[in-house]
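Engineer: One structure, as structure tokens, below. Some questions next.
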Amino acid sequence: MALIVQKYGGTSVGSVDRIEKVAEKLIHSKQQAHDLVVVVSAMSGETNRLMLLANEIDANPVPRELDVLLSTGEQVTIALLCMALEKRGFPARSYTGTQVQILTDSAHNKARIKDIGDANIRQDLDQGRIIVVAGFQGVDDKGNITTLGRGGSDTTAVALAAALQADECQIYTDVDGVYTTDPKMVPEARRLERVTFEEMLELASLGSKVLQIRAVEFAGKYNVPLRVLSSFEDGPGTLITYEEENMEEALISGIAFNRDEAKLTIVGVPDQPGIASMILEPISDANVEVDMIVQNIAADSTTDFTFTVHRNDYTRAMDILKKISADLQAREVTGDNKIVKISLVGVGMRSHAGIASKMFRTLAAEAINIRMISTSEIKISVVVDEKYLELGVRALHEAFELEKA
Ligand code: ADP
Ligand code: ASP
Ligand code: MG
């Protein structure tokens, strides 16, 4: 019998009515003789609501207690969904992360899954039950509740699929697959039949929130067949696969964007060995993650150093730079937290020249100034002013004809 792991995101379980609909869908799958393990998110908006409650008490609540709080969202959904299944005469059983034994490290709010104990689940499956697991949460080796970072239910589903050697992991969400870009921003965006792990990894890490990046990493590492589908309508969705020898390679698979960016510049520091580490060490000591880094070529004997961070870390990073600027003999420290990053992603880029220049020409034609650029083998990212985000994404989508198959 095929074992399928299905995951339903926040919108898909956003009301009692929707939860009942998910129950109906599960029963349909079950009747097609599937063993089912179902992972659910908190009802839509719930995780944000809990976060706001915590912030009313403390802007930086203690991480352990934040996890105790945030994990309650998913616990509500597992219970309601099991009630809906049982009411229909289908035996079901809910599991929290602790009850499954989703063992993680102790990095509260961004824990990583280390191991999954599946004995309990297997026993229930053998007895014909539908298993409903709370996403986004685990337990560390001391019994503390942990959470896996925003969007973490995707990772719970993929990790369970890997542990149980499921035949497929299906991520049901409010769009019917992975698109060439966020279909909520660009209505012309096209659903992709398939996308490679490598591309999906880039798309996810560059801001496409349709899958959490760790879920894609896991699926690639353990070769979990992964599919993104709509929970509201039937369809094939998007399959995430390995690159195949003779796979027709699209030049560009998609456009990702990230609104959570901010940049900081330290102007006129001496151009000498050690400067980069003197600037970035205190930043990383403060647990601030740095994304892009650019150092200008020195004109006189000084240079400018620019880097980007998550917008939430902007003030903290700025305070640090201001503190160290005197030691560094810097002329000034400047910053901008109204910037965004737009990225083109495609494995086909490897073998084609001219994509960067076309990207820059397209943005120039819209009078969009590029503030920073970074490239890798299969992506090109630019930083632009926040106000140009939509215009830039739409213009690029059109210029590269992504609406056409
Ligand atoms: P869920 O609550 O089901 O986990 P998410 O909101 O986390 O759903 O992810 C689905 C959303 O991801 C979509 O509604 C869409 O707005 C967004 N998204 C961003 N980029 C893409 C893309 N390339 N393809 C599809 N959806 C995307
Ligand atoms: N409820 C969590 C969040 O909103 C986890 C998830 O939905 O995947 O981020
Ligand atoms: Mg999500």
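Every number here is computed from the coordinates shown, using simple stated rules; none is lab data. These numbers were taken from a predicted model, which means no experiment stands behind them. Note that we place each Cβ from the backbone using ideal geometry, even for glycine, and neighbour counts take in every protein chain shown.
Engineer: Normalise the Debye intensity by I(0) for the chain, one equal point scatterer per Cα, no solvent, then take log10 at q = 0.12, 0.14 Å⁻¹ and round to two decimals.
Structural biologist: Taking Cα atoms of the chain as identical point scatterers yields -1.03, -1.27.
Engineer: On to the next question. Assuming R0 = 45 Å, can you tell me the calculated FRET efficiency for the pair V290 and Q127, based on Cβ-Cβ distance, to the nearest 0.05? Before the final figure, lay out the partial values.
Structural biologist: Values: r = 50 Å, r/R0 = 1.12.
So the FRET efficiency works out to roughly 0.35.
Engineer: On to the next question. With both partners inside the range 34-174, how many of the DSSP beta bridges are antiparallel, as a percent to the nearest 5? Walk me through the numbers before you get to the answer.
Structural biologist: Details: 6 of 15 bridges.
Close to 40 percent.
Engineer: Length gain on complete extension for the stretch A364 to S376, per 0.36 nm per residue less the alpha carbon to alpha carbon distance? Numbers along the way, then the final one.
Structural biologist: Numbers: separation 12, 0.36 × 12 = 4.32 nm, distance 2.15 nm.
Separation in residues times 0.36 nm, less the Cα-Cα distance, equals 2.2 nm.
Engineer: State the extension gain, in nm to one decimal, for the chain segment bounded by I57 and L3, taking 0.36 nm per residue of separation less the distance between their alpha-carbons.
Structural biologist: Numbers: separation 54, 0.36 × 54 = 19.44 nm, distance 4.37 nm.
Extending this stretch completely gives an extra 15.1 nm.
Engineer: List the residues whose amide H sits under 5 Å from the amide H of H310, counting only those 5 or more places along or on another chain, with H placed 1.01 Å from N in the peptide plane.
Structural biologist: Here the answer is E289, since their amide H atoms fall under 5 Å of that of H310.
Engineer: Could I ask something else about it? Note the angle between two axes, namely the Cα long axis of helix 46-57 and the longest principal axis of the Cα atoms of the chain, as a number of degrees from 0 to 90, rounded to the nearest 10.
Structural biologist: Between the helix axis and the principal axis of the chain, the angle is about 60 degrees.
Engineer: Is the shape of the range 1-131 rounded, prolate or oblate, going by the alpha carbon gyration tensor and its root eigenvalues a ≥ b ≥ c, with a/c under 1.5 for rounded and a/b larger than b/c for prolate?
Structural biologist: Numbers: a/c = 2.79, a/b = 1.53, b/c = 1.83.
Oblate, because a/c is 1.5 or more while a/b does not exceed b/c.
Engineer: Report, ordered by chain and residue number, the lysines lying within cross-link reach of K25, taken as a straight Cα distance under 19 Å and ignoring same-chain residues fewer than 8 apart.
Structural biologist: Counting by Cα, and skipping residues close in sequence, K25 has these lysines nearby: K7, K87.
Engineer: Could you tell me how many degrees, from 0 to 90 and to the nearest 10, lie between the Cα long axis of helix 63-87 and the main elongation axis, the longest principal axis, of the Cα atoms of the chain?
Structural biologist: Taking Cα atoms only, the helix is inclined about 30 degrees.
Engineer: Run the helix sum for the chain: -39,500 (n - 2.57) per DSSP H stretch of 4+ residues, divided by residue count, reported at 222 nm to the nearest 500 deg cm²/dmol.
Structural biologist: Numbers: 12 runs with 139 residues, N = 405.
Using -39500 (n - 2.57) per qualifying helix, the result is -10500 deg cm²/dmol.
Engineer: Next question. Note the angle between two axes, namely the Cα long axis of helix 314-325 and the longest principal axis of the Cα atoms of the chain, as a number of degrees from 0 to 90, rounded to the nearest 10.
Structural biologist: The two axes meet at around 30 degrees.
Engineer: Using 26 Å as the Cα-Cα cut-off, could you pick out the over-long pairs in K221/K338; K209/K338; K114/K209? Let's see the in-between values first.
Structural biologist: On the way: K221/K338 36 Å; K209/K338 20 Å; K114/K209 23 Å.
Listed pairs above 26 Å: K221/K338.
Engineer: Specify the inter-centroid distance of the range 1-50 and the range 338-405, based on alpha-carbon positions, in whole Å.
Structural biologist: Centre-to-centre (Cα) distance: 36 Å.
Engineer: Output ³J(HN,Hα) for the range 335-342: one whole-Hz value per residue in order, computed from phi by the Karplus curve 6.51 cos²θ - 1.76 cosθ + 1.60 with θ = phi - 60°, and x for Gly and Pro.
Structural biologist: x, 8, 10, 10, 10, 9, 10, 10
Engineer: Shifting gears a bit: What does the extension gain come out to for E168 and R259, with contour length at 0.36 nm per residue minus their alpha carbon separation? Could the numbers behind the result be given before it?
Structural biologist: Numbers: separation 91, 0.36 × 91 = 32.76 nm, distance 3.20 nm.
Separation in residues times 0.36 nm, less the Cα-Cα distance, equals 29.6 nm.
Engineer: If you count the DSSP beta bridges with both ends in the chain, what percent of them are antiparallel, to the nearest 5?
Structural biologist: Numbers: 45 of 74 bridges.
If we restrict to bridges inside the chain, about 60 percent are antiparallel.
Engineer: Within the range 93-175, what percent of beta bridges assigned by DSSP are antiparallel, to the nearest 5?
Structural biologist: Values: 6 of 10 bridges.
Around 60 percent antiparallel, to the nearest 5.
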